[in-house]
Every structure is written in structure tokens, then in C-alpha cells.
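Below is one structure; the comments refer to it alone.
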Amino acid sequence: MSASRSILLIIGGGIAAYKCLELIRRLKDRGIASRCILTKAGEAFVTPLSVSSLAGERCFTDLFSLTDEADIGHIALSRSTDLLVVAPATADLIAKMANGLANDLASTALLATDKRVLIAPAMNPRMWQHPATRRNMAQLEKDGVLVVGPNSGAMAERGESGVGRMAEPAEILAAIERALAGEAPAPQRAIGFLGRLPGGGGGAPGVLAGQHVLVTSGPTHEPIDPVRYIANRSSGKQGHAIAAAAAAAGARVTLVSGPVALPDPEGVETVHVESAREMLAAVEAALPAQIAIFAAAVADWRVAAEATEKMKKDGSDLPPLALIENPDILATIARRAAGRPELVVGFAAETENVVTYAQAKLARKGCDLIVANDVGGTGVMGGDANTVHLVTQDGVESWPTLAKGEVATRLVAHLARLAAGRRPA
Ligand SMILES: Cc1cc2nc3c(=O)[nH]c(=O)nc-3n(C[C@H](O)[C@H](O)[C@H](O)COP(=O)(O)O)c2cc1C
């Protein structure tokens, strides 16, 4: 391979395999050569011909191909590269990697390599949440495997949504570049066991079974007149992913959502509101709850006197826009004398001094935990990844940059442990 940086791309048998064609093209643009292995199942989704045409060299498919062995050999194939990338990483490939299986070219290369491995999981949300996949992912993290995604959103299967969509080619490319630059692998942190999706038969009950979890998400719109409003850039992706993860953990979930362009998460009761005052009323109506997670970006201020008719540009002075404070939903619920949830969690979106401001907010609001995230110029608002710090009175726990779906999964597991630890034995 002529380029100075190269990867061995293993394409598994999932619908997202088609995105790898785009990934190969983008890698080439960045001067990164890709040599490809396509699994048998992968061949059902993309052809070796299209993969090799884009990669500019033959695509490997068969462990027992004498030509391949004579050409390069499966051991050399797995080592004559800078990084192994598995995309889509199917549940099957993840299971093989976690257990050291080597019964085809892809899994043999993954076991034989002495290079780092980055995976981009992609599968149905139920497969992703299954205890077996949770165990396998925890094992891969312990083994130092790098992970990008999965994201939350609509699935190829009609009507299904949740965490399991493969990261987009641009996100995988960024993760590859970080890995090639030698960035340290994500900390070895076990992913909490979450149980099964609601409605899933068999298996253990989820860790939040029998609990009511209340989540707020998205922005609020504060009306100026019947056609105009004050808003912010919150997309609701993080809050919606948390609601979906709590439902996957067996909780009854009420999601109070501001105006967003996302589908309601499956298995979640979603209440749609516009303004901060409507959000507070919906939150109070949804109580009692054991855990309340306030991920919405509630507008701090609203217009003091909302015009009942559309304001007109009549050439005279600019209309005054006097602002007044909105109710503080987090503090109102955290300071309730009666019916306070066992765990009240706030979010702090900051552009500077993220942790310091979050510590001050924790004390000011009277909540149990603040999830602080840096939204300064990083594309977090509206983006698919988040870098968060969990701030409590006991200290700060910082997580690596993760897909919002993964932040949600880990946060829910973390809160379940925290809530269980606070209950009398
Ligand atoms: C239409 C279709 C789509 C599939 N999509 C996925 C997927 O996104 N993720 C996954 O883990 N398995 C998916 N599967 C199942 C895998 O193809 C199957 O587990 C296969 O054995 C994986 O082989 P591999 O890991 O060697 O590529 C899909 C199967 C079909 C028929």
C-alpha cells in the first residue's frame, strides 16, 4: 500500500455495510489506505467488487483461499497495517472478538493481530441491549478495544428506534484519525448491565424494573408573539437517548419533551410541551418518580409581556423586549419538601469552566448529581457525541467522548447503582 497510513477494514454483515463504501472514499481523501476483509454475511450487503474498486486493491473474503495465502497470508494481513477497523461490528463479530473465536478470515485476523482495534457497532437496539452483548462489550473495553458509536435513532426495521445505529462515516473517520494519532484508548470501564427492553421476553428483569423515571429533553420555546419565539440549539438527542435507555433498563418512563425533530422513543410515554412553564406543569403532573433527569435546555428567560397579535414593523422605534425569569424546574423539584424523587439529576451546558460552574450549580439547585457538558464550539448541541463530567458532592467523574446513546446507557446504569446504594438494605 502506497499511503503512509493504512487500516485493515473488516466489513460485517449488517445493513450499515453500505456506509463503508463512503468511509473508504473518505479515508482515501485523507491519505489513509484501506485494505478490506468482507465477511460472508457482509457479501450479502455489499459486493467485493464495489469494495475493491473503491479501495483500489482486492478485497479479501476467504480464510482458506490459497491465492490469498500465497499473496500475503492471513497473519501478515492482520499485521501489515496501522489499525484494524470493524464496521459494521455486528453482534456476531463482537461476540467472536470477546470470546477469542477464529473461525473465518475476519475473526482470525482480529485474533492474530498485534495492532489496535476500533469497532463501530451496529445492530437492532434489542441486540445491543441484550445482556450477552453488554457482557461482550464490557470484555472488549477491558481488552482495550476502541469503540465509536452506536448512535440512537431510527432503525432500518420499520417503526423501530433506539440505540444501535452505526456511527456515520465522518464520525468513524474522526475516530480512526484519533486512533492513528495514538490517542489513548477509552478508559477501561465496565458497561452496566441493563436488562432487557420492555416487552422483551425472558432474561433478567432490567435494573430499573418497577421504577418510574422522569426525563426532560429538548429546548423550550418562549413566545414573543403568536409567530415568534426565543429558543436555543438543543436537539433533544441526549435527553431522548436517556429516556430510551431507562426504558431499556425496565423503568416506566415519562419523557417531557420540548419542540424537537425526533421521533418519540419506543416504550416511553412522551408529553410534548413548548414553554418552560408548560414543562414545569407537565413535570409536576408526572410525579411521583424515583429518578428525575432534567436534560432539557430550559430557557432562563421569557418575554415579560407576550403580544397577543403579531408585532408589526411600522418604521417607528424598535419594540422593547423586556425579559423575566422562567421558573427553575430543576431547583423547584430538587427542593420539594414532599414527593421529591430519590435522585434528582440536572444537566449543565457550559462553554467555559465546565466543572467549576457545575459544582456551583449542584450546591445552588439542591440536586444530587449534575451532568456537565462542554457545549463551547464543539458541535455538542445537535451533534451525536458528548463529553460529560458527573459532578456530585463526593467528587467529579469524567467520561471520554462517547456517542450520546452510549452516554445515556452508562448514565442510566450509573444512576441505577446510585439509587440502589441509597436505599435501606
Ligand atoms: C437484513 C439483515 C440485516 C442485518 N443487520 C444486522 C445488523 O445491523 N447488525 C448485526 O449485528 N446483525 C445483523 N444481521 C445479522 C447478521 O447478518 C448475522 O448475525 C451474521 O451471521 C453476521 O455475520 P458476520 O458477523 O460474520 O458479518 C442482519 C441480518 C439480515 C438478514
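Extension gain, Arg178 to Arg116, is 21.1 nm, computed as 0.36 nm per intervening residue step minus the present C-alpha separation.
Compared with the dominant Cα axis of the chain, that is its longest principal axis, helix 237-248 is turned about 80°. Picking from Leu101, Leu318, Leu173, which is most flexible by a Gaussian network model of the chain using Cα springs under 10 Å? Comparing Leu101, Leu318, Leu173 in the GNM, the peak value goes to Leu318.
Each residue of region 31-42 is assigned a 3J(HN,Hα), and the resulting list reads x, 10, 7, 10, 9, 10, 10, 10, 6, 4, 5, x Hz, derived from the Karplus form 6.51 cos²θ - 1.76 cosθ + 1.60 (θ = phi - 60°), x at Gly and Pro. List nothing, just return the count: lysine pairs in region 5-180, 8 or more apart or interchain, with Cα separation under 20 Å. Summing the qualifying lysine pairs gives 6. Axis angle, to the nearest 10 degrees, between helix 354-365 and the longest C-alpha principal axis of the chain: 40 degrees. Rounded to the nearest Hz, the phi-derived 3J(HN,Hα) couplings of region 79-93 under the Karplus curve 6.51 cos²θ - 1.76 cosθ + 1.60 (θ = phi - 60°) are 10, 7, 7, 9, 7, 9, 10, 10, 7, x, 8, 6, 4, 5, 5, where x marks glycine and proline.
Taking the 0 to 90 degree range and rounding to the nearest ten, how far is the long axis of helix 131-142 tilted relative to the main principal axis of the chain, both from C-alpha atoms? The answer is roughly 80 degrees.
Under the convention that each Lys and Arg Cβ holds +1 and each Asp and Glu Cβ holds -1, the size of the dipole of the chain around its Cα centre is about 660 debye. Globularity index of the chain is 1.09 (Cα radius of gyration / 2.2 N^0.38 Å, N = number of residues).
Every number in this text was worked out from the coordinates using simple rules, so none of it is lab data. Predicted model, so just to flag it, every value in this text is computed and none were measured. Reconstructed Cβ throughout: ideal geometry from the backbone, glycine too, with neighbour counts over all protein chains shown.
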